[in-house]
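Here, each number is a calculation from the coordinates, and none is a lab measurement. Keep in mind that this is a model prediction, so the values were computed, not measured. Here Cβ is always computed from backbone atoms with ideal geometry, including for glycine, and neighbour counts include all displayed protein chains.
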Amino acid sequence: MQFHDAHCHLPINYFYKDIDNFMKQWLDLGLEYVVGVSMKYTEIEKAIELQKKYKQIIPGFGIHPWEVKRNMPEEQINKISYHVATVSPLVFGEIGLDHHFIKKEQYYPLQEEVFRFFLNLSEQYSIPINIHSKGAEERVYELLDSFSIPPSNILIHWYSGPKKILYKFRDKGVFFSINPSILGGSTHRFVLEKVELEQLLTESDGNVKYWIKGERIIGSPAIIPQIMEKIAEVKNLSMDEVSEVLSRNFKEFANIS
Ligand SMILES: [Zn+2]
């Protein structure tokens, strides 16, 4: 049975240093694709290196809103623009806005500037985007609406915002990734209940740690089959059906033919 992980922080040392062992384990389990998202520029370079080793790894270029404290240096802008023209397949992530964990409002316009930089490139080069929207869901929705990016290239990762905005995103036709927190009975469950399978992907957000049935689990692609079991249970489908639809969804999202 094949599966994907649409959002995993592969360029951090925890995975990066031991990638051969991890990939062996994940490929044995049936991993088809994993998006290795980055938080900052140095991780983008590492994500490109990982793709050169494993074709199943899709690099995620991104500056996470938590990392946005100043304007992007000109040199980084040039390098990213260069890599965008040479790396394929490619996803932008983790990008977006955060008005929940980042309390200092003076950073919000900067977050928007960096987010817009990636949205512009996405629009220009048809690059799929992997979005963080914590506490800024409505503003993210408005910004996305002002760009002409196909909804099938938009992934809202680990959505936990207001239901009203969830429905707006859903009706726009974007993808949502179901996260391991679903296994611990989180509020994220309403995403799984309210969104059809045709608009879902799966993610670990590794190496985030989760409490699942009293156990502390480190997120990685190895946990995805358990998420798929939960999806099969809630949607009342077989694992094979779930696997087939999710695989098709991921390829549509990532522009893989
Ligand atoms: Zn993340």
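Based on every Cα atom in segment 170-257, Rg and the maximum pairwise Cα distance Dmax equal 12.8, 41 Å. Structural descriptor for segment 41-169: relative contact order 22 percent, calculated from alpha carbon pairs under 8 angstrom and at least 6 residues apart. Which whole DSSP H helices in the chain pass both tests: a Cα extent of 24 Å or more along the axis and a mean Kyte-Doolittle value no lower than -0.5? In the chain, the long hydrophobic H runs are 108-125. Greater than 27 Å separation of Cα atoms is the criterion. Which listed pairs, LYS17/LYS103; LYS103/LYS164; LYS134/LYS168, meet it? Exceeds cut-off: LYS17/LYS103. The charge dipole of the chain, taken about the Cα centre with unit charges on the Cβ atoms of Lys, Arg (+1) and Asp, Glu (-1), comes to about 460 debye, rounded to the nearest 20.
Full extension of the segment from SER247 to GLU229, taken as 0.36 nm per residue of separation minus the current Cα-Cα distance, would add 5.0 nm.
Contact order for the chain, expressed relative to its length and based on alpha carbon pairs under 8 Å spaced 6+ residues apart, stands at 20 percent. A Cβ-based charge dipole, computed about the Cα centre of segment 129-257 with Lys and Arg at +1 and Asp and Glu at -1, lands at about 400 debye.
Who wins for biggest fluctuation among ILE149, ILE182, ILE77 in a Gaussian network model of the chain, springs between alpha carbons below 10 Å? Comparing ILE149, ILE182, ILE77 in a Gaussian network model of the chain, the most mobile one is ILE77. Selection among THR202, ASN249, TYR107 by position relative to the dipole of the chain gives TYR107 as farthest towards the positive end (Cβ unit charges, Cα centre). Each part reduced to its alpha carbon centroid, segment 181-257 and segment 111-163 end up 21 Å apart. Between TYR210, TYR41, TYR82, the GNM of the chain built on Cα springs shorter than 10 angstrom shows TYR82 fluctuating the most. Counting only DSSP beta bridges whose two residues both lie in the chain, roughly 15 percent are antiparallel.
Extending 7 Å from Cα along the Cβ direction at GLU123 and again at SER148 yields two label points whose distance is 0.9 nm. Determine which aspartates and glutamates satisfy two conditions relative to LYS194: a Cα distance under 15 Å, and not lying fewer than 8 residues away in the same chain. Cα-Cα hits under 15 Å: ASP171, GLU233.
For segment 3-253, the normalised intensity computed at q = 0.09, 0.16, 0.18 Å⁻¹ comes to -0.35, -1.21, -1.55 (log10 of I(q)/I(0), Debye sum over alpha carbons, equal scatterers, no solvent). Using the average count of surrounding beta-carbon atoms within 10 Å as a protection proxy, the listed peptides 216-226, 95-105 rank, highest first, as 216-226, 95-105.
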